[in-house]
């Protein structure tokens, strides 16, 4: 009996390790193309390196056109178990969105607190490239990349590929894997904190609906609000100009707020709407907390061996160390 349990644990470790190596290969491809391609672009098209929109398009082509297709090709032949398909009403979708946004909001605060604290310790602000994309990016580019392309590809790679291949070991392990790998792959603390929570929540929804289109739709709405809408509002209050003024003289900020009063009114209305969504989402999470039940898999891993089975294998360990290193570099560089 003990030998059978040990065999199951070893089989699971092999599966998780193999998946880890698939994503490590994608990581090397992505970083390799960026490292070798940057000097070439700098020499041939130096103006591209200062254009936020071009950089976002190039980065997206590398990530979604090369990296993630490679991951899919490497992992597609692994044995998969698809979740059972269940009906999902619009009312359920709406409630799920409210809970989802509440989780993002709260976990994002945690990430911001960590980056702010690190910034205070090292005496300089932690670099957050996402803010630059949101405030400087073209709305059409953001819509195509962040709202259409990213949710489709990321949900297929970080939900469907991972969950389908690990669900047999239990919902908890599949959800944890999806959340951890999705969070780490963002490569920065600003996004890691909420991406790991969002990834786990989306994995739970996919497992309980069997429909990846639902998490893609949720992901699209979240990204739309966080990139296109937020970008338009930040541009409306001239965020970059306000930030520069705050560093020079706080009194300038007041003058700029008066100058861009319409933008600030719209920003305020949006803030109230977001707050209402977050409060409703938190209430719904509390009310529905007993529904978040995780079912065991057909192959049961002993509870005291689940963490080491999931993470303490060569592929996953190497993947985690790579991306933890990237996050630490972003925090302290």
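Rule-based calculations on the coordinates, nothing more; no lab input. None of these values were measured; they are calculated from a predicted model. As a convention, Cβ positions derive from the backbone with ideal geometry for all residues, glycine included, and neighbour counts pool all protein chains shown.
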How much length is gained if the chain between residue 14 and residue 106 is pulled fully straight, taking 0.36 nm per residue apart and subtracting their Cα-Cα distance, in nm to one decimal? 29.6 nm
Please compute one quarter of the surface area of the Cα convex hull for the range 278-321 and express it in square nanometres. 5.4 nm²
Would you mind computing Rg(Cα) / (2.2 N^0.38 Å) for the range 154-306, counting N as its residues? 1.37
Multiply the residue gap between residue 34 and residue 246 by 0.36 nm, knock off their C-alpha separation, and tell me the result in nm, one decimal place. 72.9 nm
Express the relative contact order of the chain as a whole percentage, based on alpha carbon pairs under 8 Å and six or more residues apart in sequence. 32 percent
Could you give the nm distance between label points at residue 53 and residue 89, where each point is 7 Å from its Cα heading toward the beta carbon? 4.4 nm
Averaged over all viewing directions, the convex hull of the alpha carbons in the range 1-159 casts a projected area in nm² of 15.0 nm²
Take 196, 113 and order them by how many other Cβ atoms sit within 10 Å, fewest up front. 113, 196
Output the 0 to 90 degree angle, nearest 10, between the alpha-carbon long axis of helix 250-259 and the longest principal axis computed from the alpha carbons of the chain. 90 degrees
Overall dimensions of the range 222-333 as given by Cα atoms, namely Rg and Dmax in Å: 22.8, 64
Dimensions of the range 105-225 along principal axes (Cα, Å, largest first)? 48, 34, 20
Could I have the simple spin-label model distance between residue 6 and residue 270, label points 7 Å from Cα toward Cβ, reported in nm to one decimal? 5.9 nm
Rounded to one decimal in nm, the spacing of the 7 Å Cα→Cβ label points at residue 97 and residue 116 is 2.9 nm
Between the helical axis of 314-332 and the dominant principal axis of the chain, each derived from Cα atoms, what acute angle in degrees is found, rounded to the nearest 10? 20 degrees
What angle, in degrees between 0 and 90 and rounded to the nearest 10, separates the Cα long axis of helix 261-287 from the longest principal axis of the Cα atoms of the chain? 20 degrees
Percent of Cα-Cα distances greater than 30 Å, calculated over the range 2-332: 40 percent
Using the count of nearby Cβ atoms within 10 Å as a rough guide to exposure, how do 238, 219 rank from fewest to most? 238, 219
